[in-house]
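Here is the structure we will look at.
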Amino acid sequence: MASVRSYTSLIRHEGNQELFFFTELSVIGLKAGMPIHVHVEGLRGTGKTTILRAASSFLPQSVRIKDCRFNCDPVKPHCPQHILLSKEQLDAVETEQVKIPFLEISHAAKIGTVVGTLDLKQLTNKKEPEAALLPGTLPQAHRGIVLVDEINRLADTAPELTDIMLDAMGTKPGRVQIEENGLPTVSLPLQISVWATSNPDEDPGSLADIRRQLSDRFDFTVQMGRPKEVRTLLAILSPELELAAIQKTVVEADILLGQHLAEMAEQVGRIKIPSGILESLAEVYIKHHFESLRSLEALKTGAVLAAARRNRQQVTWDDVLSVAPAALRHRISPDELTVILQELQREKRVTENPAWAAGSSALPEKASQSTRKSGQSKRSLSWWSRFMAWWNSLLGSRRDNRQQGTASTKDTDIQSKSARRKLGPSTKRSNPLDMPLVTPPAVARPLLELDISDAITVGEVDNDHKK
Ligand SMILES: [Zn+2]
């Protein structure tokens, strides 16, 4: 592995902020037992691998069974050697504090070194010959991080390694199988965060194009940009910074960051997600026909971890919005992403400013009361009613302004049925705001989902026959 830089000494700028953010979320998630997989896309030389490798300078500690090469959790051992221990034996077993494992899989790696092989040293031990397994990179990284640099190239040239990664990342926890001739296959649970980088502008292209399935396994895809300001570049090039990277103060800052993240991870279990946010996310999922449920899970997990990083007890729309682009950009088109982000922004505005939705007296009394009471929770109003409320309040205020000083019509009259009836076809409406708005007769559906009878009127069919 290349030499490790101090993480906290690296310069943050607009192009790499998102990566710093997700690196830290990932470590919180790992400590909290909610590992996330992060894929970083960016041009060569943007420093994505440097940031990820530097993360090993601040990784917090964890407890394991002493000398266990599978990094067994003393509370929940999983390796062939420790899984069968009784409660009493486990209580007596020696433990040790070690840094969270951080291992790298290279392109030249053989399957044996990634998953594991027969331990020849044990087998040829003259005193106690034993057929034991030597864990590979993946099982050794249990409860830790695995970095795959240029994963798009790996997916292109090593399909068998790609299949192993698909297994390891398919579920949470994932699985890894160690197979050796003459030995029963050992299948181990795998609690890891996979971090990967790729450069979609170079051969063989983006990971999504090579192995869409593998691309989807990543909870988040982070986009890495170059620094845009001269000031940032000068800071990156400053010799003091190079020096600071090896000074003790910076190392302490790294350790401190690791401790902070570990503390944040302890709060994760207590963080609540308002039901309104969950319902809105589910609505977005259904409305936009997301291919995989992973997108929704990533949004939810990411929002919880983001709330933990901000020391909040409850997820807010800001948390959701901070992770949404990375959770969705590798699963949908850029246009769809823009639309969805706008929808989420609108949900945030409605939640934070109930007056936006409750501006109309045309709303049923009960609904407007619940709007005022519910605060963070989801309003019973549909999107359409909220839009109507906003529109009607706008209509009302414009009308009030215009009719000031004259015998004005009350707001309620404008929206009442009698008022609508008065606006007959002959009424002049030069101002579009004077248009009466009514709820559509049925919930709008995409054209392709309509029955033939809904889409084609009888008249049209008849005309067709007459031709
Ligand atoms: Zn073990």
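The values are calculated or read from the model by the stated rules, or taken from the named source; none is laboratory data. Predicted model, so just to flag it, every value in this text is computed and none were measured. So basically every Cβ, Gly included, is an ideal-geometry build from the backbone, and we count neighbours across all protein chains shown. SASA here: full protein model, heavy atoms, side chains in, ligands and nucleic acids out. Shrake-Rupley method; radii C 1.70, N 1.55, O 1.52, S 1.80 Å.
One decimal place: the segment residue 349-residue 201 gains 49.6 nm when fully extended, by the rule 0.36 nm per residue minus the C-alpha distance. Using the Cβ-Cβ distance between residue 111 and residue 63 with R0 = 25 Å, the FRET efficiency computed as 1/(1 + (r/R0)^6) comes to roughly 0.25. Translational D (Stokes-Einstein, µm²/s) of region 3-150 at 25 °C and 0.890 mPa s when Rh comes from the Kirkwood sum over C-alpha pairs? The calculation lands on 141 µm²/s.
With the simple model of a label 7 Å out from the Cα in the direction of the Cβ, residue 44 to residue 91 spans 6.0 nm.
The per residue volume of the convex hull around the alpha-carbon atoms of region 275-352 is 81 Å³.
Output the pairs from 272/348; 76/99; 31/110 with a Cα-Cα distance over 26 Å in this structure; if there are none, say none.
Details: 272/348 17 Å; 76/99 18 Å; 31/110 29 Å.
Long pairs (Cα-Cα over 26 Å): 31/110.
Listed values for region 266-279 are Karplus-derived 3J(HN,Hα) couplings in whole Hz (6.51 cos²θ - 1.76 cosθ + 1.60, θ = phi - 60°), namely 5, 7, 3, x, 9, 6, 9, 10, x, 4, x, 5, 4, 4, and x replaces Gly and Pro.
Whole-Hz Karplus values for region 304-311 come out as 5, 5, 5, 5, 5, 5, 9, 6 Hz, taken residue by residue from phi with 6.51 cos²θ - 1.76 cosθ + 1.60 and θ = phi - 60°; glycine and proline positions read x. Please give the net charge around residue 87, taking every other residue with its beta carbon less than 15 angstrom from that of residue 87, where Lys and Arg add +1 and Asp and Glu add -1. Summing Lys/Arg as +1 and Asp/Glu as -1 gives -2.
Distances between placed amide hydrogens fall under 5 Å for residue 117 paired with 134, 136, all partners being 5 or more residues away or on another chain. Just the number, please: carbon plus sulfur as a percent of the accessible area of region 275-352, 1.4 Å probe, no ligands or DNA/RNA counted. Carbon plus sulfur share of accessible area: 51 percent. Here the simple spin-label model places points 7 Å from the Cα toward Cβ, and for residue 263 and residue 275 these points are separated by 3.4 nm.
Close amide H contacts of residue 195 (hydrogens built in the peptide plane, cut-off under 5 Å, sequence separation of 5 or more or a different chain): 38, 146, 147, 148.
Along region 199-211 the Karplus relation, 6.51 cos²θ - 1.76 cosθ + 1.60 evaluated at θ = phi - 60°, assigns HN-Hα couplings of 10, x, 8, 10, 4, x, x, 6, 4, 4, 7, 7, 9 Hz to successive residues, with x for each Gly and Pro.
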